[in-house]
Amino acid sequence: MRRFETPYVADWFAVSLRWIVLVGVVISLALRGQVNAVSMTVPTLMLFWNAALSALAGLSLRVRYHRQIALVVDFALAAAFFWVQGGLANASGWIALYPILSGAIYFEVWGGLVMGGAFALWQIFVSREALANGFSLNISSGLTLTFLFTFVCAFGGRFLMRWLRNARRTRLDAEERRRNMESERLRAIYELTSTLTATLSYKRVLDSALDLGYTALNPTADPDEPELDERLVSAVYLFRGNELRVGSARRYTNADMRVNLHGNEGVLKKIFDDGEPFLSTDVGYDPELGRIVALRSCTSAYCFPLRSGFNVYGAMLFAHPDPTYFTPERRGLLDIIGRQAVIAVQNARLYQDLVEEKERMIEVQEETRKKLARDLHDGPTQSVAAMAMRINLARRMMAKNVGDATDELVKIEELAHRTTKEIRHMLFTLRPLILESQGLTAALTAMAEKMRETFGQNVIINVDEAVLENMEMGKQGVIFYIIEEATNNARKHAGAPHIWVRLRSFESGIALLEIEDDGLGFDVEAVNRSYDKRGSLGMVNLRERTELVNGLLNIDSAPGKGTRIQVYIPLTEEAADRLHHAKM
């Protein structure tokens, strides 16, 4: 006995037709009033036999020579019933259907003809005594019915089995195509994943997502000959500032590539607000997407956001003229492509940020060197040059007036002490060792003392120690340089008598750094507009160092009213998300 993966349709047809004949047998006996133990013996055997065959068919099991055995037993049971019922004289000839149907189903024409001929001979044999007295109406009609059944079932079985074989072949071909399509889709998804994770280039990521999207949406059995649908339009939009610009597209016109969107209306607004994909059935009339010429011939469009957490990178769009093109299966594939594209874009963005951060660090180092060079040139270098000139002057004066030369040497000594203090202050700001050994508060206090000694600048420090308890040293170092930059700007440019530095807790997980002075102040907007023409980069340094601690910078100033700089510093990742989300 063997088990098959799929049931044989012929077995099910044979079982079903046997049940029909059995029902007919019971009804025939009931109408003739012959339902008794003797007459029901053979039908009962037929019932158990067909129940056994039904069980085998349901379990997809077959014995050796299954069809032949089934045919012999069917013929034997039908012959026994015919013999018990008394032959053709009792109008039981129609039981010939039982083996004839089985023969026609299992062996088509020849099976039906052999079963029909054999049963006709059996009918004649059983009814030989009646035939000796001549043909009666029952005998004639019974044999005629048997031959009619034989030819109808034989040729009908041939037609039916051919139809079933064709249907089965069609179904198997369809399943094979479906398996090939699924295999091709999986291959496309694998290639997509491999390609997207192997590149850190924005352009290549977007191009790969769209190209593999075409292959996944229209797979064929032959991977070497993909069937690309020329009517399918696709594009990826990425945010640049507050605008959505085309990062990559297929079937877009040159004019479409230059159209920038805002995502404030229609489908784009909906996906950004809901954070979920959306299927549109009238994309050509969309307030924003309707501006794209390539989309005006399309009816349906599937659009989904490229986002990760609170970060929204843009949107991916696929459109087609067929309103039923985006089936649930295709939408599921596009969702997979979208999620993989988001990961790849995120990786590319992180890589780009690292590259930009590296370049920015190089620029900061270069600016630090330039600043050091300027400070040395404006301070100690000038002082050393002045000392050299005064020493030369004192040397000449000693030949004429020793008293005046002595006074000049005293002035030179004072200038040397002041220059030494300036150099020490510069060295302190370049690398404050006290910050590493004693912490931010001690470093700020030392800085304030040095500024008071060196420049006569009054700096008031007020730090809440509770804020610094769980703050890592790297972040404290950045805060120190923010304060150092802001206080130097106030000393050099604002002429402020007083500078106040305050660090305190603002709310849960967020610290607030304030640097306030009572100096000249300035017009913030005017300075920002002309900042690229200025030689100083103080405000740029403040912004960049604020970004290093993932904070937010706010500068409030006006001419004649001093300046107040506020830096909101998140102390945890949750606080950073809350801070920047509140800003958006």
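Residue 422: modelled with pLDDT of 70 or more, at negative phi and not assigned by TED's automatic domain parsing to the domain that holds residue 511, yes or no? Break it down into steps so the answer makes sense when it comes.
Numbers: modelled with pLDDT of 70 or more: yes; at negative phi: yes; not assigned by TED's automatic domain parsing to the domain that holds residue 511: yes.
In short, yes.
Within the stretch 2-15, identify whether any single residue is at pLDDT below 80, among the hydroxyl-bearing types (Ser, Thr, Tyr) and within 25 Å of residue 172 (Cα to Cα), and answer yes or no.
Looking through the stretch 2-15, at least one residue is at pLDDT below 80, among the hydroxyl-bearing types (Ser, Thr, Tyr) and within 25 Å of residue 172 (Cα to Cα).
Go through the stretch 44-76 and report how many residues are closer than 15 Å to residue 23 by Cα and touching a Phe, Trp or Tyr at 6+ places or on another chain (Cβ under 7 Å). Give the steps one after another, and end with the answer.
As a first pass, look at the stretch 44-76 and keep what is closer than 15 Å to residue 23 by Cα: 44-51.
Narrowing further to those that are touching a Phe, Trp or Tyr at 6+ places or on another chain (Cβ under 7 Å): 50.
Residues flagged as closer than 15 Å to residue 23 by Cα and touching a Phe, Trp or Tyr at 6+ places or on another chain (Cβ under 7 Å) within the stretch 44-76 amount to 1.
Among the residues of the stretch 477-532, write down those that are surrounded by fewer than 16 Cβ atoms within 10 Å (Cβ to Cβ), polar (S, T, N, Q) and without any contact (Cβ under 8 Å) to a residue 60 or more places away in the chain.
Correct list: 505, 528, 530.
Can you say whether residue 241 is of a type outside the set (Lys, Arg) and surrounded by 13 or more Cβ atoms within 10 Å (Cβ to Cβ), as far as the supplied structure shows? Before you say what the answer is, go through the steps one by one.
Values: of a type outside the set (Lys, Arg): yes; surrounded by 13 or more Cβ atoms within 10 Å (Cβ to Cβ): no.
So residue 241 does not fit the description; no.
In the stretch 379-386, is there at least one residue being modelled with pLDDT of 75 or more, surrounded by 14 or more Cβ atoms within 10 Å (Cβ to Cβ) and part of a helix (DSSP H, G or I)?
Yes, that holds for at least one residue.
Could you identify the single residue in 564, 545 that is in contact with a Phe, Trp or Tyr (Cβ under 8 Å, 6 or more places away or on another chain) and either within 30 Å of residue 452 (Cβ to Cβ) or at pLDDT 85 or above (or both)?
Details: 564 fails: in contact with a Phe, Trp or Tyr (Cβ under 8 Å, 6 or more places away or on another chain).
Result of the check over 564, 545: 545.
Residue-by-condition table, conditions (1) out of contact with any Ser or Thr (no Cβ under 6 Å at 6 or more places or on another chain); (2) without any contact (Cβ under 8 Å) to a residue 12 or more places away in the chain; (3) not in a helix (DSSP H, G or I):
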{"residue": "324", "(1), (2), (3)": "yes, no, yes"}
{"residue": "330", "(1), (2), (3)": "yes, no, no"}
{"residue": "335", "(1), (2), (3)": "yes, no, no"}
{"residue": "338", "(1), (2), (3)": "yes, no, no"}
{"residue": "342", "(1), (2), (3)": "no, no, no"}
{"residue": "347", "(1), (2), (3)": "yes, no, no"}
{"residue": "350", "(1), (2), (3)": "yes, yes, no"}
{"residue": "356", "(1), (2), (3)": "yes, yes, no"}
{"residue": "360", "(1), (2), (3)": "yes, no, no"}
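Just need a number here: residues in the stretch 213-238 that are over 21 Å from residue 328 (Cβ atoms) and at pLDDT 75 or above.
So the answer is 5.
The values are calculated or read from the model by the stated rules, or taken from the named source; none is laboratory data. Worth saying up front: this structure is predicted, and the values here are computed from it rather than measured. With ideal geometry, Cβ positions are generated from the backbone for all residues, glycine too; neighbour counts draw on all protein chains shown.
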